[in-house]
Amino acid sequence: MLNEYLDKLKRQLTLLKVADAEEITDYFAEIIEDRIDNGEDLESVLEKIGDPETVARSFMAEGMETKDAVYDKENVELEFYDIRKIDIDTVSYSYEFLPSADNVFRISYERDDTTSLNVSCVHGKIEIGQDCSEFTLGSILKRWADRSKNGFALSYHARIFLPQDSKTDLEIDNVSGNLTFGNVAFGDVEIDNVSGRIEMDMTEFESMECDSVSGRIEMNDVRINEKLEIDTTSGNIAIDRIRCSEIDIDTVSANVDISIIGRKEDADIDISRLSSSESYEGRGDISLSVSAVSGKVRYDFLGE
C-alpha cells in the first residue's frame, strides 16, 4: 500500500513537472515510515496527508508560497543530578553525547510547534520520548520549504552532556537520527538505530550492543571493557584502534574494516562469508568474530 502511494505521488509530481520529484517522494517515504514506527496506522497516516494528486498539486501552489517561510526552532535546556540510566525512544532526533564542562548532567534540545521531546526523571533514570503533536499536509509542506531553503535535515538535534566521572547506562531506540559520542564514558549501552549514522570518538563503554539497518558505524580510539556486538544489514562498519576482548559483528552486505589494539597471536579469529571463511586460533585473550554474506572484511592488529 505504501509503495503504491509513493509510486503514484512520484508519477503525479513528474506529470506536473515539479522540481525534485524523486527527492520529494523520498521525503514523504521517510516521514510516513517515521509515523508508522511511532505506532500509527498506515491508513490513518495517508488519510491525514491526502491523496497523491492533492499532495503533488500542493507543491505547485501552497508549497511555492511557503518558500520564504522559516520553521522556527527554540532551544530547551534541562539539568539533572545522580543519573544512573538514560532511556531514549524517539523517531527523528539526532543526539550528540559530550562531556560536561561544569560536571553537571545536562540535556539541550530543539523543539518547535510540531515536534518536541518529552523528558522525565524518576529515581535516577531519565526517559526521553518524542511528541509529534501536529501532522498535516500544511505542516509537512512548511517543513519541506524550510529544509529546501536552510538545508535543515528532517531530524531535530539534542545534546546530552555528561559529568566526567559518570558511567551511566544508555538505551536508545531511534529511527532516522544520527548518534555522535565524543570523549565520554558510559556503562552498558544498547542502541537500536535504523538509518542514521553512529560515530564514536575517544569513548569508553562497559559493554555495547548495536543494531542498525543502513546507517554507517564509525569508531575511533574506543575502549569497551566487556563485549561489543554489532548487527547490521547494509551500513558499513569502520573501527579504528579499538580495545576490546570480545568483538562479534554480524552483517549482510556491509563492508567491515577494523583495527584492534593487541597482538594477533593473542586472538581467536573467525571470519565467515558466503564465498570464503578464515579462522585463527591464538591464546584466546581476544575474540574476533565477523559473519558477512557479501561485504568485504578487513582486520588488523596494532600490537600494544
Review point. Which residues, counting only those in the stretch 1-18, are in contact with a helix residue (DSSP H, G or I) (Cβ under 7 Å, 6 or more places away or on another chain) and part of a loop (DSSP other than H, G, I, E, B)?
Key: Met1, Leu16, Val18
Review point. Within the stretch 245-300, which residues are under 24 Å from the mean Cα position of the chain (by Cα) and either part of a loop (DSSP other than H, G, I, E, B) or aromatic (Phe, Trp, Tyr) (or both)?
Key: Val252, Ser253, Ala254, Asn255, Ala292, Val293, Ser294, Gly295, Lys296
Exercise for review: Quick one: which residue in Ser108, Ser120 is at pLDDT 90 or above and over 16 Å from Phe161 (Cβ atoms)?
Suggested key: Ser120
Exercise for review: Run Asp131 past the list (1) at pLDDT below 90; (2) charged (D, E, K, R); (3) closer than 30 Å to Glu206 by Cα; (4) in a strand (DSSP E or B) and report the number of the one that doesn't hold.
Suggested key: (3)
Review point. Under the condition of being at pLDDT 85 or above and part of a loop (DSSP other than H, G, I, E, B), which residue from the stretch 19-52 is surrounded by the fewest Cβ atoms within 10 Å (Cβ to Cβ)?
Key: Asp51
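Every residue, every condition in (1) in contact (Cβ under 8 Å) with a residue 24 or more places away in the chain; (2) in contact with a Pro (Cβ under 7 Å, 6 or more places away or on another chain); (3) farther than 18 Å from Ile260 by Cβ, yes or no:
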residue	(1), (2), (3)
Tyr156	yes, no, yes
Glu190	no, no, yes
Asn193	no, no, yes
Arg216	no, no, yes
Ile224	no, no, no
Review point. Within the set of pairs 6 or more residues apart or between chains, which connect a residue that is in the same structural domain as Val256 (by TED's automatic domain parsing) and more than 16 Å from Val175 (Cβ to Cβ) inside the stretch 226-237 to a residue that is outside any strand (DSSP E or B) and charged (D, E, K, R) with Cβ atoms less than 7 Å apart?
Key: Glu226/Glu206; Asn236/Arg216
Exercise for review: State the number of residues belonging to the stretch 79-104 that are closer than 16 Å to Cys121 by Cβ and buried (at least 21 other Cβ atoms within 10 Å of the Cβ).
Suggested key: 2
Revision key, fill the gap. If we ask which residues in the stretch 198-244 are part of a strand (DSSP E or B), of a type in the set (Gly, Ala, Ser) and either modelled with pLDDT under 95 or within 14 Å of the chain's Cα centre (by Cα) (or both), their number turns out to be 1
Practice item. Would you check which residues across the stretch 79-107 are aliphatic (A, V, I, L, M) and closer than 27 Å to Asp37 by Cα and list them? Key: Ile86, Ile88, Val91, Ile107
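The values are calculated or read from the model by the stated rules, or taken from the named source; none is laboratory data. Quantities reported herein were computed from a predicted structural model and do not represent experimental measurements. Here the Cβ is made from the backbone with ideal geometry for all residues, glycine too, and neighbour counts use every protein chain on show.
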